[in-house]
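**Student:** Structure below; questions to follow.
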Amino acid sequence: ASGAYPKRVKVVEVGPRDGLQNEKNVVPTPVKINLINMLSETGLQVIEATSFVSPKWVPQMADHTEVMQGINKFPGISYPVLTPNLKGFQAAVAAGAKEVSIFGAASEMFTRKNINCSIEESLERFDEVMKAAREASIPVRGYVSCVLGCPYEGKISAAKVAEVSKKMYSMGCYEISLGDTIGVGTPGSMREMLAVVMQEVPVGALAVHCHDTYGQALANILVALQMGVSVVDASVAGLGGCPYAQGASGNVATEDLVYMLNGLGIHTGVDLQKLMDTGTFICNALNRKTNSKVSQASCRL
Amino acid sequence: QELQASGLPEYIKIVEVGPRDGLQNEKAIVPTDIKIELINQLSKTGLPAIEVTSFVSSKWVPQMADHKEVMRGIERHPGVQYPVLTPNLQGFHSAIAAGATEVSVFGAASESFSKMNINCSIEESIGRFEEVIKSARNMNIPVRGYVSCALGCPYEGNIDPDKVAEVSKRLYSMGCYEISLGDTIGVGTPGSMRKMLEAVMKEIPLSALAVHCHDTYGQALANILTAIQMGVAVVDSSVAGLGGCPYAKGATGNVATEDVIYMLNGLGINTGVNLCAVMEAGNFICTALNKKTNSKVAQASFSTGTI
């Protein structure tokens, strides 16, 4: 049950997008830009910068163009942005984006409630984005939500997750990030889901995006690593609550993840102290306490 | 111990330390009747072992000053163990007089921690415990041994796994039926947990081992998972994650029982414990302490209205 771990893990930092999107307070553009610039100095290789979605739906991301144009872009660091449709994609490219992400789901009800269409229809929309991205040589990352449970449907079958993942992968996504959107997963359901998905998508193209709503994130990530997954999403300071459980936590904290990976001797290239400093910055700006236990513990010693 | 196809134990014994380790590390002094009510509620959850109190001088640990009243006041459910801490012979006699039928002694894998905590060396502390264990064995009272600082010490930093193995072996061979390995300041990771357990498992049978993980750095469940993957089948935890860390002000301490059970349920591991009942007990004590729960499962369940 405990084979070898990957020697290196790529940490995908989603704080500036997934994190801030799920924070109540709207963050001024200069603060967002400074956050991303600070993250760029920590050794992180991938920082999800913003989302080119209509400000009507996501006011927090209304300044997507300014953010994209305002950040320092370091060589060797990727700054993917969300593009839910062709219009968003075009705006993203015009603003300088060199990598985009699209969001699918393993649950019909979630898709309907979230973006008002079926899974099939959402994939058709993405097809347009994929085509345009291919023409522009822009890599596309695919997300699959609700892989370990859905706030509406409850249990989600691993076969469905595999089916949606396979579709997105064959459409041209270079990586599929499997999201435990409401954090209900456990090492048991994570193992079961990955075993099925890995029959359809090579493990080298898989990432896990775990939420810590039920405190299971690091244990779930540990199991994913044991099964060969080597890309893990996380959010600095654990930014981003859970929209389905008011007051509960959402994203796993990057600091806590890096602490664990360091303890396992797994290389990430990330400087934990600089990361904690960045977390302190954004928490001060948001006037909130960190969700990172490592940060909380270290401050007091 | 039976193993599932996954290689994990079929059954894991949860040792609930909230009423002792948890409350001991909470600032507010809890009235005796609240302590008794908490323990009575926990007795109805299916938990097989509940650490009740500590027969230590009230000068040192005011929170546990009512140890006799608590011991005498609780309901004793059949099939549930109610161990108490007994740091020395005097405490042991007092515990027996109050009706205790199982006791615990606390060693440490760090000399500095031992000196700072109980003002004597590891060797001297083991000498004290030897008296307790001898008396306990004469009366057929089982003794559980704790080893603190198993994955790191607030004073010494890194702890050599061989030292942990050495202290554990001493306590085990003196007659402790179980050794609970404590990550006292929560600095451990799956990496250091594995190394430490590998060293200890050379000296002590797996069935006599337990892990007592603190969640100060958010690593507890990952560390527990590592331990159970290696075959450990006894896990300590604290309802609502009661008990902060005395070495990192404001930081968390014990791992929450609810979060452990949620994980074990998801792994198909039997614990005999009713998660909802534990959440209710957690809700009771948090209300009494006027504090928020440290259990993410309880927090999420409360928010989504599933309890």
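Rundown of residues vs (1) more than 30 Å from residue A:170 (Cβ to Cβ); (2) under 18 Å from the mean Cα position of the chain (by Cα); (3) part of a loop (DSSP other than H, G, I, E, B), yes/no style:
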| site | (1), (2), (3) |
| --- | --- |
| A:185 | no, yes, yes |
| A:191 | no, no, no |
| A:195 | no, no, no |
| A:207 | no, yes, no |
| A:232 | no, yes, no |
| A:261 | yes, yes, no |
| A:265 | yes, no, yes |
| A:296 | yes, no, no |
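**Student:** Quick check on my filter: what residues within segment A:121-138 are without any contact (Cβ under 8 Å) to a residue 12 or more places away in the chain and touching a Ser or Thr at 6+ places or on another chain (Cβ under 9 Å)?
**Tutor:** Selection gives A:121 alone.
**Student:** Show me the helices (runs of 4 or more DSSP H) entirely contained within segment A:82-180 in which 2 or more residues are over 23 Å from residue A:60 (Cβ atoms).
**Tutor:** Counting at least 2 such residues, we get A:108-115, A:119-135, A:158-171.
**Student:** Would segment B:274-285 turn up any residue that is in contact with a Pro (Cβ under 8 Å, 6 or more places away or on another chain) and within 23 Å of residue A:192 (Cα to Cα)?
**Tutor:** No.
**Student:** Exactly one of these conditions fails for residue A:148: (1) touching a residue at least 40 places away in the same chain (Cβ under 8 Å); (2) farther than 30 Å from residue A:187 by Cα; (3) under 21 Å from the mean Cα position of the chain (by Cα). Give me its number.
**Tutor:** Status for residue A:148: all satisfied but (2).
**Student:** Also, I was wondering about something else. Tell me, which residue of segment A:233-251 that is closer than 21 Å to residue A:80 by Cα and in contact with a Ser or Thr (Cβ under 7 Å, 6 or more places away or on another chain) is surrounded by the fewest Cβ atoms within 10 Å (Cβ to Cβ)?
**Tutor:** Step by step, filter segment A:233-251, then rank; the result is A:250.
**Student:** Looking at segment B:26-73, which of its residues are in a helix (DSSP H, G or I), among the aliphatic types (A, V, I, L, M) and more than 17 Å from residue B:16 (Cα to Cα)?
**Tutor:** Hits for segment B:26-73: nothing passes.
**Student:** Hey, among the residues in segment A:1-26 that are surrounded by fewer than 18 Cβ atoms within 10 Å (Cβ to Cβ) and among the aliphatic types (A, V, I, L, M), which one's modelled with the lowest pLDDT?
**Tutor:** Once the filter is applied, the top-ranked residue is A:1.
**Student:** Does any residue in segment A:250-264 that is touching a residue at least 24 places away in the same chain (Cβ under 8 Å) and facing chain B (nearest Cβ under 7 Å) come within less than 7 Å, Cβ to Cβ, of a residue that is surrounded by fewer than 24 Cβ atoms within 10 Å (Cβ to Cβ) and of a type outside the set (A, V, I, L, M, F, W, C) six or more places away or on a different chain, and which pairs are these?
**Tutor:** Partner pairs satisfying both residue conditions: A:264/A:5; A:264/B:191.
**Student:** Looking at A:181, A:213, can you tell me which residue is more than 25 Å from residue B:228 (Cα to Cα), within 14 Å of chain B (Cβ to nearest Cβ), polar (S, T, N, Q) and buried (at least 22 other Cβ atoms within 10 Å of the Cβ)?
**Tutor:** A:181
**Student:** Just one of (1) at pLDDT below 95; (2) in contact with a Gly (Cβ under 8 Å, 6 or more places away or on another chain); (3) not acidic (Asp, Glu) trips up residue A:43, so point out which.
**Tutor:** Of everything listed in (1) at pLDDT below 95; (2) in contact with a Gly (Cβ under 8 Å, 6 or more places away or on another chain); (3) not acidic (Asp, Glu), residue A:43 misses just condition (1).
**Student:** Follow-up. Out of the residues in segment A:234-247 meeting the condition of being in contact with a helix residue (DSSP H, G or I) (Cβ under 9 Å, 6 or more places away or on another chain) and assigned to a loop (DSSP other than H, G, I, E, B), tell me which one is nearest to residue A:35 (Cα to Cα).
**Tutor:** A:239
**Student:** When you scan segment B:79-113, how many residues do you find that are within 14 Å of residue B:145 (Cβ to Cβ) and small (Gly, Ala, Ser)?
**Tutor:** Going through segment B:79-113 one residue at a time, the tally reaches 4.
**Student:** Moving on to the next point. For segment B:257-271, indicate whether the set of residues that are more than 13 Å from every other protein chain (Cβ to nearest Cβ), of a type outside the set (S, T, N, Q) and in contact (Cβ under 8 Å) with a residue 40 or more places away in the chain is non-empty.
**Tutor:** For segment B:257-271, residues more than 13 Å from every other protein chain (Cβ to nearest Cβ), of a type outside the set (S, T, N, Q) and in contact (Cβ under 8 Å) with a residue 40 or more places away in the chain: absent.
**Student:** In addition: Just to be sure before I move on: is residue B:168 in a helix (DSSP H, G or I), buried (at least 24 other Cβ atoms within 10 Å of the Cβ) and polar (S, T, N, Q) in the structure I sent?
**Tutor:** It is true that residue B:168 is in a helix (DSSP H, G or I), buried (at least 24 other Cβ atoms within 10 Å of the Cβ) and polar (S, T, N, Q).
**Student:** Also: Report the residue count in segment B:186-224 for those that are within 14 Å of chain A (Cβ to nearest Cβ) and among the small types (Gly, Ala, Ser).
**Tutor:** Number of matching residues: 7.
**Student:** Oh, and also: Do we find that residue B:135 is touching a residue at least 24 places away in the same chain (Cβ under 8 Å), part of a helix (DSSP H, G or I) and touching an Asp or Glu at 6+ places or on another chain (Cβ under 6 Å) in this structure?
**Tutor:** On the way: touching a residue at least 24 places away in the same chain (Cβ under 8 Å): yes; part of a helix (DSSP H, G or I): yes; touching an Asp or Glu at 6+ places or on another chain (Cβ under 6 Å): no.
When the stated conditions are applied, residue B:135 does not pass them.
**Student:** Quickly run through segment A:280-301 and pick out the residues that are closer than 26 Å to residue B:303 by Cβ and within 13 Å of chain B (Cβ to nearest Cβ).
**Tutor:** A:289, A:290, A:291, A:292, A:293, A:294, A:295, A:296, A:297
**Student:** Quick check on segment A:178-191. Is at least one of its residues closer than 30 Å to residue A:133 by Cα and touching a Cys at 6+ places or on another chain (Cβ under 6 Å)?
**Tutor:** Within segment A:178-191, one or more residues are closer than 30 Å to residue A:133 by Cα and touching a Cys at 6+ places or on another chain (Cβ under 6 Å).
**Student:** Pairs, please: C-beta under 7 Å, at least 6 apart or cross-chain, first residue of a type in the set (A, V, I, L, M, F, W, C) and in segment A:64-78, second assigned to a helix (DSSP H, G or I)?
**Tutor:** Listed pairs, sorted by first residue: A:67/A:29; A:67/A:32; A:67/A:33; A:71/A:33; A:71/A:36; A:71/A:37; A:74/A:40; A:77/A:40.
**Student:** Count, please, the residues in segment A:239-249 that happen to be within 9 Å of chain B (Cβ to nearest Cβ) and under 16 Å from the mean Cα position of the chain (by Cα).
**Tutor:** 2
**Student:** Can you find even one residue in segment B:233-247 that is facing another protein chain (nearest Cβ under 8 Å), surrounded by fewer than 24 Cβ atoms within 10 Å (Cβ to Cβ) and outside any loop (DSSP other than H, G, I, E, B)?
**Tutor:** no
**Student:** Same structure, new question: Go through (1) surrounded by 24 or more Cβ atoms within 10 Å (Cβ to Cβ); (2) within 14 Å of another protein chain (Cβ to nearest Cβ) one by one and return the number of the condition residue B:250 breaks.
**Tutor:** Among (1) surrounded by 24 or more Cβ atoms within 10 Å (Cβ to Cβ); (2) within 14 Å of another protein chain (Cβ to nearest Cβ), the lone unmet condition for residue B:250 is (1).
**Student:** Among the residues that make up segment A:6-29, is at least one of them within 14 Å of another protein chain (Cβ to nearest Cβ) and touching a helix residue (DSSP H, G or I) at 6+ places or on another chain (Cβ under 7 Å)?
**Tutor:** Within segment A:6-29, one or more residues are within 14 Å of another protein chain (Cβ to nearest Cβ) and touching a helix residue (DSSP H, G or I) at 6+ places or on another chain (Cβ under 7 Å).
**Student:** Can you pull out every residue in segment B:131-164 that is surrounded by fewer than 17 Cβ atoms within 10 Å (Cβ to Cβ) and not small (Gly, Ala, Ser)?
**Tutor:** B:131, B:134, B:137, B:138, B:139, B:140, B:142, B:155, B:156, B:158, B:160, B:162, listed by residue number.
**Student:** State yes or no: is residue B:183 more than 9 Å from chain A (Cβ to nearest Cβ) and crowded, with 24+ Cβ neighbours inside 10 Å?
**Tutor:** The answer is yes for residue B:183.
The values are calculated or read from the model by the stated rules, or taken from the named source; none is laboratory data. In this text the structure is predicted, and so the values were computed from the model without any measurement. Here Cβ is always computed from backbone atoms with ideal geometry, including for glycine, and neighbour counts include all displayed protein chains.
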